[in-house]
1. Counting residues in segment 899-983 as N, plug N into 2.2 N^0.38 Å and put the Cα Rg over that result.
2. Taking 30 Å as R0, compute the FRET efficiency from the Cβ-Cβ separation of residue 791 and residue 704 and round it to 0.05.
3. In the neighborhood of residue 339, defined by Cβ-to-Cβ distances under 15 Å, what is the net charge if each Lys or Arg adds +1 and each Asp or Glu adds -1?
4. Tell me the volume per residue, in Å³, of the convex hull enclosing the alpha carbons of segment 161-255.
5. Give me the number: length gained by fully extending residue 276 to residue 545, i.e. 0.36 nm times residue separation minus the C-alpha to C-alpha distance, one decimal in nm.
6. Give me the percent of the accessible area of segment 161-255 that comes from carbon and sulfur atoms, probe 1.4 Å, all protein chains in place.
7. Go ahead and collect, in residue order, the members of segment 692-722 whose backbone nitrogen is under 17 Å from a label point 7 Å along the Cα-Cβ direction of residue 592.
8. Could you list which residues have their amide H under 5 Å from that of residue 173, counting only those 5 or more apart in sequence or on another chain, with H placed in the peptide plane?
Amino acid sequence: MPLRTRVAFAVGVTAVVAVAITLTAVLVSRRATVDPLDLSSSPASSSQSSSSSSSSSSSSSQQSDSSTSVTALNQIPPFEAEPSFSPEPSLFPDQSEQPALWPLSDTAQSSVSPLPPSSQPQPSPFSTPPSETPFQQPLLTLAPDLAQLGDDTDVPYDHVAHAVPGRPYNLTDLDGDGEEFVTLDGSRSHSHYFDPATRRLGLIVAWTWYDQSRNFLAESSTPSLSFPVGVTTIILLVEDDAGNKHEDKTTVTVYPSTSQGAYCYYYPSSSNTVFSIEDNVVNGIKPIFGQRVSRIDFSSVGDIPARLRSQSLQIRCAYTLQVPDDPVASLLSVRHRGPMRVLLEIPNAHDVLMEQFDTDMRTTSVRTVIPAGTQLLQILYIWDGKRPPLLNLLRTPYAPILHDLATQLPLIHTIAPDNSTLEAGGLLKVQGTGFWSDPYVYFADKPVAPDWQRSTNELLVVQVPPAEKPGTVDVTIGNRYGGSNALPFSYAQDALSPIRFKQGVVKKDDDNFKISLITNIKFGPDHRMYLASLDSFVHSMAISKDMTVSDLCTSNSIGINRTVIGLAFNPAETDVVVYASSSIFFWSNVGTGGFLWANGQVSILKPGHNGNCLGTVGDPIITGLPVSNHDHGVNGLLFDDDGKLHIQVGGATNAGASAITVGSVDESPLSAASLIADVNKLGFDGHVKYDNEEPGVARQIGGDVEIYAPGWRNSYELMLHSNGYMYATDNGANPEFGNRSTSCTSSVQVSSYLSDDKLAKLMKGKYGGHANRNRGRDDPIQCIWRSPFDKATNNYNPPIATFESSTDGIIEYTANSFGGQLKGDLLASKFSSNDAIDNGRVYRIQLDDDGDAKEVDSLYEASGLSIAMSPWGDLIMPKLYEGEIMVLQADYERREAVAIISVMPFRGSKRGGNVVLISGWGFDDNVSALFDGKKCLEVTERSAESFKCVVPPGEGGKSVAVALVLGDGTLVRSPAGFDYCYMRI
């Protein structure tokens, strides 16, 4: 079963592409100045989430699709299916499912206070426990020009401005003063406005925050405010520079610092009868592990953490009691086998309530009066590591026992990496528990603040500071309560290079290269850079090692109103042949009836064709592919090792049930799926035909295009890894853009907790989870929308990881930069707006031997819509709003005299014949290369940092290493992994 890695609750923006679609250029009247495109996937589901469709009336938890009502929000459970992680119990003692029992703060303006400017904190997740707060339905303010269209229009539309107030914010009142400060984040709010005449994208220019009673709170994208303990509903109203407005709501929940249960610390033990730990948890030796337990009951070895079961231990379980006034003598009873002590914390000391040092099993009890107020108790116990442990708190006065997060020591479990070069600069991940109360990571005595955007209360990410000389230092964590255990960290000249990048942009003639509306980037077999665009063109250009472009070329238009997203090259072809996918979104704006919903196509372009520097060749090779009446269409393209073309096609619905918010169109035979077409087959017919103009009942009756893997909502990109697996990203559903299908006739509202973007392995015939009732007529499984956290079945293929939305681009990093540390990892790019705070993210996904996600983390806190790797190992991503191409240049020390960086293209025919560009440094005038031991042919364009050669034939389907051969016969091998893949054809 795939290892599921949850990265974060999703938020943000999706369907990416649709920010600026040019089909509006031909629209008439007011519709010609508004682009009602949806850039929102999984709006309120996580870190920054919102929705913007019109509010729906509430009804029962399940209903027929003929009804206009939807599930009442208060009938939706926080989790609609068992997720792959286990949230901690609620921090509201005895009220785990009833946070509303705490005081609501919507009725008084004074309950929310602005933070003084001089003390505004950075957004910090450390006081944010897991939450099950249900999503709040937003309000919708139509843009004035859309509102004037009236009820007689049959054109579906949604918001133009889009408020994104952020996830439900969850904090903990660690200092017990009844309130907490939080920095609200509306920076991911954005506008879908597009002026086709000027090609101007709309920008949010005003943010106004209110409470539920419409009391004014603040005016900025990221205000810092104080909220009381309880649940506060807040509203964000945004306005763009075209005057469009929209508002959405979220909640701020401030929890008390206590939760049910105790917190147990584990220490090594050198004696079976004598305690070596101090009475005060802050003093003496540090614990090596810690965990919260719902009750103090160790009855078997299975109750001991797995990593500690092979050694004898001292265990300290701390808990608090709320003792009422006028306490009376009460019974305290513990059953145990081995030494045990019970301590009551008193000012500057500890009172021993009872202790017993016998190693035999017994029950020790005492009747005692515990003082009134909040009292901290500890039970100390020694386990010999041989017999099963036995420690059971049978009875304690004034239950329940509680644990106070404010008194929890930080504990380090692991650090990675555990070494660095002296100049440092890379990222260190510290995993453990108890990272509350303003934690800092210390390298010896040097404090380093965590990166708040990447850290949680169990993971701190910091930048490694430099060192003056080689050696080993202790890494520890300190917070307001105390310090952690220490783990060693080494500085050495020959340590692995830190993984770090320098951010820049592609240049042209020493200036920033400006190019609008780019959706995708691919490198061709001629080593030029090819760019797809929202406005029907494909661009081509040469690019140098210093990321400067030249020899620019723009194709003829793919077709009026068309948006180009997918680009691909068949690695088996030695000539430059560009395959480009295109769609007409919001097609009901340009006509009605017929097969407008089947306007998606794949075209071929070649350099120099018909007098164009890059021209379309004949009619499209594939036509009749489905396109939603919104912003999902024909997306990523890929040729597999058999030379067959894979096509990612988005769905017409949000989660299987038709809705006006996404165009009022049903799914069709080929929508919401990964398709396959053998375009090189003799007599290939790419003209897909259907027997009915209605997509929901149509059946495919022609065309050599078929389903490879069904159930993909809006998969933007896919790729073929050197391990042989195909991987694809997919945008998650929006909670308010249409219900999730629960059968072929019924549906319920989508929960924001189940709306993350996904990363999955493409498995032939396996269902990806997005419902399609058209296909469900023959395969009822496809009528049921599946959560990304459902377990795998014979038919359902769950994702191997989930992301914040909108995560779209995906590549395998194939370069040897950083000594090969990133080689073979997947990198995924998250779409970003033009806001400095919401600047995107590049995810790094490390894979295990089965091709599943072993670890997912943030590689870099900035990104673009899609992602590509240059021949020199740099990352290239289009910034849609800025009209620039972002570059992340690999920044590392070149230690070897000669090294190979990468081979591009990375794949080719088993017959050989491809011209590859091999990059690196230290090359001599006679350098060549070996592909799996076979020398490449016709070496040309030699320089100290690159050369080209013709790939020799190889074994079909095999991934191989490439080595350099210098003029003196010296062999320079690649440091790790594969450098080139032979196709099966």
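The values are calculated or read from the model by the stated rules, or taken from the named source; none is laboratory data. Since this is a predicted model, take the numbers as computed values, not measurements. Here Cβ is always computed from backbone atoms with ideal geometry, including for glycine, and neighbour counts include all displayed protein chains. SASA here: full protein model, heavy atoms, side chains in, ligands and nucleic acids out. Shrake-Rupley method; radii C 1.70, N 1.55, O 1.52, S 1.80 Å.
1. On the way: Rg = 11.5 Å, N = 85, 2.2 N^0.38 = 11.9 Å.
Here the Cα radius of gyration is 0.96 times the empirical estimate.
2. Efficiency, from the Cβ-Cβ distance: 0.30.
3. Numbers: positive: 316, 335, 337, 341, 362, 386, 387; negative: 279, 355, 358, 360, 384.
That works out to +2.
4. 77
5. 90.7 nm
6. Numbers: 1230 of 2680 Å².
Within segment 161-255, the accessible surface is 46 percent carbon and sulfur.
7. Only 693-695 fall inside the zone, counting backbone N under 17 Å.
8. 255, 257
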